[in-house]
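Below: the structure, in structure tokens.
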Number of protein chains: 2
Amino acid sequence: MNNDVIDSFPIGADWLQARATASPSAVALMAGGRVYTYGQLDELASRLCANLLHENLMPGDHVGLLMPNAPAAVVAVFALARLGAVLVPLNTRLTPGEVAWQLQRADCPHLLCAESLAATGREAAGERIPIHLLPVGGDAFAAWLAARPAYTTNGLPAERPPLQAIVFTSGTTGFPKGAMITYANHFWSAVGSAFKLGIRPDDRWLACLPLYHVGGLAILWRACLYGTAVILHDGFRPAAILDSLAHDGATIVSLVPTMLQRLLDAGLSAATAPALRLILLGGAAADPSLLAEAANAGLPVAVTYGLTETTSQVATMMPSDARAKPGSPGRPLLFTRVDVVDDDGRPAAANTPGEIVVSGPTVMAGYYGDAEATAAVLRDGRLHTGDAGTLDDDGDLWLLDRRGDLIVSGGENVYPAEVERVLRAHPAVAAACVVGLPHAEWGQQVAAMVVPKEQATLTETELVAHCRRELAGYKLPRHIAFVEALPLTGSGKVQRAAVAQLLAERRETA
Amino acid sequence: MNNDVIDSFPIGADWLQARATASPSAVALMAGGRVYTYGQLDELASRLCANLLHENLMPGDHVGLLMPNAPAAVVAVFALARLGAVLVPLNTRLTPGEVAWQLQRADCPHLLCAESLAATGREAAGERIPIHLLPVGGDAFAAWLAARPAYTTNGLPAERPPLQAIVFTSGTTGFPKGAMITYANHFWSAVGSAFKLGIRPDDRWLACLPLYHVGGLAILWRACLYGTAVILHDGFRPAAILDSLAHDGATIVSLVPTMLQRLLDAGLSAATAPALRLILLGGAAADPSLLAEAANAGLPVAVTYGLTETTSQVATMMPSDARAKPGSPGRPLLFTRVDVVDDDGRPAAANTPGEIVVSGPTVMAGYYGDAEATAAVLRDGRLHTGDAGTLDDDGDLWLLDRRGDLIVSGGENVYPAEVERVLRAHPAVAAACVVGLPHAEWGQQVAAMVVPKEQATLTETELVAHCRRELAGYKLPRHIAFVEALPLTGSGKVQRAAVAQLLAERRETA
């Protein structure tokens, strides 16, 4: 018997094709008032795949995708998979310079771009990278695709490469890093999630997280494997989400804490979301008062801890277990292992803080083209997350801190190092420290303490304008204080906690 | 990146250990009024594994298991997996001679046997094979295990062999064949089933099918992977099953048609089984009137088609899709493929009968020690089932006939060839043909047409007594007709249909 072949071949299969064969009339996607079955999605993906092949996209190519959450983006994800190309999803809030940097870093010879984002796309792609514009609004995409010649996908290799996507994540070193996510990663993530959350054949997973984040992207692959539906929203508008939860039969929704807070404020409750069986709450530590408010509203919250580098969920606490331990993401998915280690890499005792280390089949293959960054976090297949946490006596995980200085603002991760790098690049800046300040609506707000060079004149307006040329809007400092020197530790390191406290005080009195 | 390792390692993991780590306090097993959590089951399996190791069972050993459906049998299945031994489950209704034959055929150096079956086990094992007796009644097993010394499992190899079990299935050639079922088979079966039936974290799967059949055995592995519960019954007593469905919270139950009929007769309905979400109905073609009766009782029946050689389910029709096509098992599990081929092995046109051919990751690795039988059914990884069926225009499967002459009596498969071989071995028998006659309670009844040798005197009583020495009770002919010659075709083959008709007429007038 050839057990290797038996083991792994479904992981290398065309999942959408398998799903469309198994349940062609099952609902795959609800978006913009339209419903797509798996049969229809499969047909659209085939047509787009054939068109892209005709436009010289090749199996193995890394392909940038700059699109809002729209059916066209979903079709593009599956079309690229069918083509054997590697998806490089791009944050639509990035500046052209940031997009250009990521396209180059990921070695993308092509960019697929929504017509609505053509200006950014064209500037980012420049002369060097062919840009393929797709209409995405309403029925425009389907109409456009139907009007294209019916090319074939003959000649595609039977085997597809193991890599599904390169997903950029904010970098602690000042530059984003491209996490390599394989089909196997997605498969084991979907299976691990199913074995924890369960699957109902009539599940509908509401996705308002962007598809360019792993939390959104993973929803697509899960649904495809399960044969369940995705309700896709472009952006987060509480009224639209509430309306969808009330009328579209959503059974699961993935949210970050600020989203949940805004939905609660807008009236979300068990009564207004009658089909909802699970709110998967991740992306940042959840405030106990938020969890209490959700519980009072009868909402089934499953706190989860996940990372881009682990293809989303690492550990998730089901609502039925949450009462005794509100806020803990509980135990890892089956086959995923979580350790908490001390500074020497040894297992920390129960209830003793340490670094969270994750191993298992959902851990990424590495950072693309960055052996150094990969080696810094991946050792013997174990992912050193940089996040601090504890394991309690029952083996349940508690998060202490997301990677020390990580700022989570409105669901987006912002690394201080990246903003500081841009600030320091201004000719009048001598030093800068960026921190997150608590913020009622966004969870955290980006703030900066800046030391101007001697003799230099520098205004907050000028500095923000400088940053805006380099950084996506959500990364911009919303509050800047100019000081003569940063507070330092005895060993000369910046005291981030002191910076944060000073900035918070200044903001109060501003 | 080492994708091979990423792909397959969870398939080779100790699933019970992984499950007990992930959800130690989840209910694993309900049996005989007791409830076992995964933590407890894991502990029991470890203790039994250590004891077996101490008794010289070795990783890689093939180990016969002769036990009724009891917690001890469940623990034994997991203990043998932990040990790295290969389970050879034995039908408890077999004669000592049949058990001995299977032990020898499967190269078993050990037999685990329930004390209640010690007489059969001892006679089958003889002098050659060490027999290990386990008490299985009530709390006796747990008490016995607790009283044993606490041996360790130190020294077990980290890798376990890919083979989980050798499951004997009645053979068309007159002898049972041992289907080799791998962990990968079980894994993909469980995943394919989950992606079709869904999983609820609070699922409880009622198992009244014997664990020595793949339909029972697969329930254990699914539950372990999903973290859900098994409600185990020893044997099929309608009153006990009804009581359990009413009070134990069973959400799924696997039944064969005769069982469903008897439960309906005893009062089963949606009202008397309040938590039931699915009746997985397989093992034989379901009568339309039975399905209609079940539908009238509000019962959610999922017709399924499965084989030992495919680790249970091949195709399953969900109740929500069944109204339009009652009786069809629908489409295959995701990643499983069903073809219907003509006599030349070419795909048959839609709605045209042919042989059902199954491929995919749930197809067994082959028949143990029988290259010829394996080659007869497994070609290029495709399993030629011998069953006749059609695929309709939608790709839904319809079963025409289970392997021509297969008799399914009370959920047990009986191959005429095996019974005919025994009949012909009687010195006074010249020829014999065995068929199944319709039977209200058991679905089918075994009947035989026998040609005595010239001058010989032979009675039905004598012939049945002869068979009883060789064959399990459910295989015995319940009706025998003596004739001067069997009806033959022009080419000299026995006309089975004519035999069946003649026997049915004789039975009517008897």
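The values are calculated or read from the model by the stated rules, or taken from the named source; none is laboratory data. Since we're looking at a predicted model, the values are computed, not measured. Cβ: placed from backbone, ideal geometry, glycine included. Neighbour counts: every protein chain shown.
List of remarks:
- When restricted to residues that are at pLDDT below 95, more than 17 Å from B:Asp393 (Cα to Cα) and touching a strand residue (DSSP E or B) at 6+ places or on another chain (Cβ under 9 Å), region B:319-341 contains 1.
- When region A:409-431 is limited to residues that are of a type in the set (A, V, I, L, M, F, W, C) and in contact with a Phe, Trp or Tyr (Cβ under 9 Å, 6 or more places away or on another chain), the one that is modelled with the lowest pLDDT turns out to be A:Ala417.
- Members of region B:30-61 found to be buried (at least 24 other Cβ atoms within 10 Å of the Cβ) and touching a His at 6+ places or on another chain (Cβ under 9 Å), listed by number: B:Leu52
- Scanning region A:97-129 for residues that are basic (Lys, Arg) and within 19 Å of the chain's Cα centre (by Cα) turns up just one, A:Arg105.
- Enumeration of residues in region B:358-376 that are crowded, with 22+ Cβ neighbours inside 10 Å and within 22 Å of B:Ala388 (Cα to Cα): B:Val358, B:Gly360, B:Pro361, B:Thr362, B:Val363, B:Met364, B:Tyr367
- Residue check, A:Ser189 among the hydroxyl-bearing types (Ser, Thr, Tyr) and crowded, with 24+ Cβ neighbours inside 10 Å: yes
- Failed item in (1) within 10 Å of chain A (Cβ to nearest Cβ); (2) crowded, with 17+ Cβ neighbours inside 10 Å; (3) not in a helix (DSSP H, G or I), with B:Gly64 passing the rest: (1)
- Of the residues in region B:370-392, at least one is within 14 Å of chain A (Cβ to nearest Cβ), charged (D, E, K, R) and under 26 Å from B:Leu290 (Cα atoms).
- So B:Arg19, is it among the basic types (Lys, Arg), in a helix (DSSP H, G or I) and more than 25 Å from B:Leu206 (Cβ to Cβ): no
- Taking strands (runs of 3 or more DSSP E) as the structural unit, those lying wholly within region A:301-343 and holding at least 3 residues that are more than 17 Å from B:Pro10 (Cβ to Cβ) and in contact with a Gly (Cβ under 7 Å, 6 or more places away or on another chain) correspond to A:301-307.
- Only listed residue being surrounded by 14 or more Cβ atoms within 10 Å (Cβ to Cβ) and out of contact with any strand residue (DSSP E or B) (no Cβ under 7 Å at 6 or more places or on another chain), chosen from B:Val414, B:Val422, B:Val435: B:Val422
- Scanning region A:252-269 for residues that are surrounded by fewer than 20 Cβ atoms within 10 Å (Cβ to Cβ) and not hydrophobic (A, V, I, L, M, F, W, C) returns A:Arg262, A:Asp265, A:Gly267, A:Ser269.
- Annotation note: of A:Val340, A:Val357, A:Val314, A:Val301, the sole residue that is more than 14 Å from every other protein chain (Cβ to nearest Cβ) and within 26 Å of A:Arg200 (Cβ to Cβ) is A:Val301.
- Looking only at region B:381-410, residues that are part of a loop (DSSP other than H, G, I, E, B) and in contact with a strand residue (DSSP E or B) (Cβ under 8 Å, 6 or more places away or on another chain) come to 9 in all.
- The set of residues in region B:187-222 being within 14 Å of another protein chain (Cβ to nearest Cβ), outside any loop (DSSP other than H, G, I, E, B), out of contact with any Ser or Thr (no Cβ under 6 Å at 6 or more places or on another chain) and over 15 Å from B:Ala302 (Cβ atoms) consists of B:Phe187, B:Ala190, B:Val191, B:Trp221.
- Some residue of region A:223-243 being closer than 27 Å to A:Phe78 by Cβ, touching a residue at least 24 places away in the same chain (Cβ under 8 Å), within 14 Å of another protein chain (Cβ to nearest Cβ) and among the charged types (D, E, K, R): no
- Residue-level check: of (1) more than 30 Å from B:Pro176 (Cβ to Cβ); (2) surrounded by fewer than 22 Cβ atoms within 10 Å (Cβ to Cβ); (3) within 14 Å of chain A (Cβ to nearest Cβ), B:Gly12 misses just (1).
- Looking across region A:17-29 at every residue that is free of Cβ contacts under 8 Å to residues at least 24 places away in the same chain and not aliphatic (A, V, I, L, M), the one that is surrounded by the fewest Cβ atoms within 10 Å (Cβ to Cβ) is identified as A:Ser25.
- Neighbours by Cβ (under 7 Å, 6+ apart or cross-chain): first from region B:146-173, surrounded by fewer than 17 Cβ atoms within 10 Å (Cβ to Cβ); second at pLDDT below 90: B:Glu159/B:Gly12; B:Thr173/B:Ala417
- The set of residues from region A:445-486 being over 23 Å from A:Ser409 (Cβ atoms) and either surrounded by 14 or more Cβ atoms within 10 Å (Cβ to Cβ) or under 31 Å from the mean Cα position of the chain (by Cα) (or both) comprises A:Val451, A:Pro452, A:Leu458.
- Reported count of residues in region A:150-182, each being more than 9 Å from chain B (Cβ to nearest Cβ) and either of a type in the set (Phe, Trp, Tyr) or in a strand (DSSP E or B) (or both), is 12.
- Index of the failed condition, A:Arg128 passing every other in (1) surrounded by 23 or more Cβ atoms within 10 Å (Cβ to Cβ); (2) at pLDDT below 95; (3) not acidic (Asp, Glu): (1)
- Within region A:26-54, the set of residues being in a loop (DSSP other than H, G, I, E, B) and at pLDDT 95 or above comprises A:Ala26 only.
- Selection status of A:Gly39, under 25 Å from the mean Cα position of the chain (by Cα) and within 14 Å of chain B (Cβ to nearest Cβ): no
- Pick from region B:299-328, criterion closer than 18 Å to B:Met259 by Cβ and of a type in the set (Gly, Ala, Ser), ranking: surrounded by the fewest Cβ atoms within 10 Å (Cβ to Cβ): B:Gly327
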